[in-house]
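Colleague: Have a look at the structure that comes next, please.
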Amino acid sequence: MVLLTRPEENTDTTRALGALEHDDSSVRLRAAMAVGTAPDPGYVGGLVERCAVEPEFSVREMLTWALTRHEAALTLPLLLGEVRSERAQARSQALHTLSKIGDRRAWPAITPALLADADEEVARSAWRAAVVLVPEGGGRALAVVLAGQLGRGGHETQLSLSRALIALGEVMLPTLNAATTDLDPRVRAHALATERLWRDPDAGFEFAIEEAKRTVALGGGGREGR
């Protein structure tokens, strides 16, 4: 087991952060857990840097947890810089971490460009972060931006967007209703499936989307299609 103690106890911070780069993912996982268990400002930069390149999902989740254990005043500036990175994983993981921290001071960083990022993992992370960080009264405008992504991607991406819209609550319904009459059949089907999930959360997205596709294929959609 990797044993990390606090930097202020005169241990080598470089050694602690170096464990996050070990070839064995289980060592990296334990190292991230140890750093989060004994948070210290000296770890924040290394944690953020590692998030951008860590290949294992479970380790990335532990890195995010470790960052949430540190003061937002230390983590936010670095994470906000990462959302502008050219590296897609850096953007995605920074957005994911911001959603976990939940500090609305990060809201201005959630730009329309991020919400429409060409990388689907980044876009999904941006949608999740947006619904957590959107300020009071901003849900309706956010719904309009998110609805612009309806019909995009495969099952996972569409489900992620549907969940984000539903998380906004009733303020998204006018925008979603309008999308059910969109000229693009993929947009209509996705909007109808999202409405179905809003009304019946237990329906399951796969069932909802297949039902919506059949409705659209038969010429339905919008209020008159239901």
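Colleague: Using only Cα atoms, find the angle between the long axis of helix 120-133 and the longest principal axis of the chain, and express it within 0 to 90 degrees, rounded to the nearest 10.
Modeller: It works out to around 90 degrees.
Colleague: Set the Förster distance to 41 Å, then compute FRET efficiency between R140 and S58 from the Cβ-Cβ distance, nearest 0.05.
Modeller: Working: r = 37 Å, r/R0 = 0.90.
The pair R140/S58 has a calculated efficiency of 0.65.
Colleague: Considering the zone a paramagnetic label at H22 would reach in this model (a point 7 Å from Cα along the Cα-to-Cβ line), which residues of region 64-79 have amide N under 20 Å from it?
Modeller: 64-67
Colleague: To test your reading of the geometry: what angle, between 0 and 90 degrees and rounded to tens, separates the Cα axis of helix 185-199 from the longest principal axis of the chain?
Modeller: Long axis of 185-199 versus the principal axis of the chain: about 80 degrees.
Colleague: Same structure again: Helix 25-37 versus the longest principal axis of the chain: what is the Cα-based angle in degrees, 0 to 90, to the nearest 10?
Modeller: 80
Colleague: In whole Å, what are the extents of region 134-226 along the principal axes defined by its C-alpha atoms, from largest to smallest?
Modeller: Here the spans come out as 39, 23, 23 Å, largest first.
Colleague: Want the number for D103 to I166: 0.36 nm per residue separation, take away the alpha-carbon distance, what's left? Mind dumping the intermediate values first?
Modeller: Working: separation 63, 0.36 × 63 = 22.68 nm, distance 2.09 nm.
Taking 0.36 nm per residue and subtracting the Cα distance, the gain is 20.6 nm.
Colleague: Further, regarding this structure: Tell me the label-point distance for the pair R15, L218, using the 7 Å Cα-to-Cβ offset, in nm and rounded to one decimal.
Modeller: 6.9
Colleague: Turning to a different aspect of this structure: Spin-label point model (7 Å from Cα, Cβ direction): what's the E71 to E211 distance in nm?
Modeller: It works out to 5.1 nm between the two label points.
Colleague: Charges on Cβ only, +1 for Lys and Arg, -1 for Asp and Glu, centred on the Cα centroid of region 79-195; of L98, L159, A179, which one is farthest towards the dipole's positive end?
Modeller: Value: L98.
Read-outs: derived from the displayed coordinates by stated rules, not from any lab. All of these numbers come straight from a predicted model, not from anything done at the bench. Don't worry about glycine lacking a Cβ; one is built from the backbone with ideal geometry, like all the others, and counts go over all protein chains shown.
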